[in-house]
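Chemist: I have a structure here, written as structure tokens, and I will follow up with some questions on it.
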Amino acid sequence: MKGLPFQSVSTLRRRSKRLATSLPTDLIGVAGFTVVSTVVLVVANVSSPVMRAAVGFPFLFLVPGYVTVSALFPRSTPVQEFQTGRRQLVQQMQTLTDVERVALSFGLSFALLPLLGLGIALTPWGFTGPVVVGTVACFALVGASLATARRLSVPPADRYRVGFGRRLAAARAWLFDAPSAFHVVVNVALVISMVLALTTVGYALVSPQDGEQYTSLQLLTEDETGELVASGYPPEIDAGDSIPLVVAVENQEGQAMEYTAVVQEQRLEGGEVVERTELQQFDVAVADDTTTHADRDIVPETDDGTVRIAVLLYTGDDVPEQPTTDNAYQSVYFGTEVVDGSLLGDG
């Protein structure tokens, strides 16, 4: 046991204190806030609009820019001429005040988010909430690590530090050490209005938004290659022949839907429907964000003349006594000419 390098408690305390003071507390705080934001917005998926706004606004519009500014400007003072002998890839040649750092952080965040969006667009995952939050979190953690390494490479005397105590004291003096009680009230009201404004903007930007909700209805046929296309309807058929069609129903309503489809044969005079004949009625169940295809064989009942084959779609089983294109939730149709094949054969 004699040869083991034991150290006194006071030595360990001094080294721990030096290590704690050398670490950039602001970047550690940013990394911790990034982890908390990811848990709140994705893992726990907190539904409170106020909580999502309070966490999401700085996470999206401050953190990415702040880690970038910290990586680019790790010093409290710019590099002097006699220090430029040890060249680095990026040298800080300007001094930034705290206000300038915050302003640059907001500006760079707004500039970086579209670039991160382009990166997401190149992936197969799409623009979902977890993907966006995960992308920003990864960028923030990598940026914070790079900024920490850059700052620790700077001599301690020139290293940028955030004096939280000094900043809090200055803020308290600005708020409460005003010349009169009226000025104190004005300052407090200004801070509260700024917080409310940021919260409102943050809620509008990061709260879950419902996308466009709709149902799409199509009549499809098979082309020569076997692909389904919204064309190729027969311009003319013999009486009694069937028309093979595929009814495609796309559900983007945000939930699973039940539909009822009504197939009608319609006769028109002067552009107005004068006679309707129901040919088929069937149910269609479609899961959310999917498309269901139903194969149907349609046989017009008329012996001759021009008719319109229409498919009228209703939600649930809410089909009126007289289905029309006006009261249908969605409708689609095409026209065809029915000819009497027997008369043609006799001729």
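Chemist: Exposure proxy check: Thr260, Thr95 ranked by fewest other beta carbons within 10 Å?
Modeler: Thr95, Thr260
Chemist: How much net charge surrounds Ala230 when only the other residues with a Cβ under 13 Å from the Cβ of Ala230 are counted, with Lys and Arg +1 and Asp and Glu -1?
Modeler: My count for the surroundings of Ala230 gives -4.
Chemist: To continue, here is another question. Considering only the other residues whose Cβ falls under 12 Å of the Cβ of Thr325, what net charge follows from Lys and Arg at +1 and Asp and Glu at -1?
Modeler: 0
Chemist: Which of the three applies to the stretch 214-346, rounded, prolate or oblate, going by the alpha-carbon gyration tensor with a ≥ b ≥ c and a/c under 1.5 meaning rounded?
Modeler: Since a/c reaches 1.5 but b/c is at least a/b, the shape of the stretch 214-346 is classed as oblate.
Chemist: About the Cα centre of the stretch 214-346, how large is the charge dipole given +1 on each Lys and Arg Cβ and -1 on each Asp and Glu Cβ? Please answer in debye to the nearest 20.
Modeler: Computed about the Cα centre, the dipole is about 280 debye.
Taken together, the values in this text are just the output of simple stated rules run on the coordinates, not laboratory data. Model, not experiment: these values are computed from the prediction. Cβ: placed from backbone, ideal geometry, glycine included. Neighbour counts: every protein chain shown.
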